[in-house]
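Student: Once you've had a glance at the structure underneath, I'll fire off some questions.
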Amino acid sequence: MPSSLIRQVADYCWSNNFLDVFHKFFKDHADAFVGAPEMTGGEHNMEYYALFQLYLEVYESTLTDYLMTLDKNVEDFYAEVRECQDESMDPYLKTFVDCLLASADYESFYKVMVREGKKK
């Protein structure tokens, strides 16, 4: 049975404290995606991938900083995420784990950034 750690992190990740960091990141970098093509199997602009790498660094450091306030490390957290993925029937936790995995996916990142670029 997954610990309360997953629930605590889920609550934090869906809070404005966490989400505002990424809304700002998306807005700050949307200009690079103005006119970007929809996701295709072809080659991508290296700038897009570099921004994805930067996004992952921000994501990991924001998550790690929060885990440190709980006196936990990221390795323990991901071990519990794997356990939750396999065993949890809680829809809230399942949705969180799905979102967590999608957040580290380039295609998901690209789609969000293309949407942000269209708002410009």
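The values are calculated or read from the model by the stated rules, or taken from the named source; none is laboratory data. Please read these numbers as outputs of a predicted model, since none were measured by experiment. Backbone-built Cβ (ideal geometry, glycine too); neighbour counts: all protein chains shown. In case anyone asks, the SASA skips ligands and DNA or RNA and just uses the protein heavy atoms, side chains included. Shrake-Rupley method; radii C 1.70, N 1.55, O 1.52, S 1.80 Å.
Student: Among the residues of the range 1-18, count how many are in a loop (DSSP other than H, G, I, E, B) and open to solvent by less than 90 Å² (accessible area, probe 1.4 Å).
Tutor: 3
Student: Could you please find all residues in the range 19-55 being open to solvent by less than 40 Å² (accessible area, probe 1.4 Å) and either of a type in the set (F, W, Y) or part of a helix (DSSP H, G or I) (or both)?
Tutor: Residues satisfying the conditions are F22, F25, F26, A30, A32, F33, Y48, L51, F52, Y55.
Student: Within the range 77-89, can you find the residues that are without any contact (Cβ under 8 Å) to a residue 24 or more places away in the chain and either in contact with a Ser or Thr (Cβ under 7 Å, 6 or more places away or on another chain) or not in a helix (DSSP H, G or I) (or both)?
Tutor: The answer is M89, and nothing else.
Student: Which numbered condition in (1) open to solvent by 70 Å² or more (accessible area, probe 1.4 Å); (2) touching a helix residue (DSSP H, G or I) at 6+ places or on another chain (Cβ under 6 Å) is the only one that Y106 fails?
Tutor: (1)
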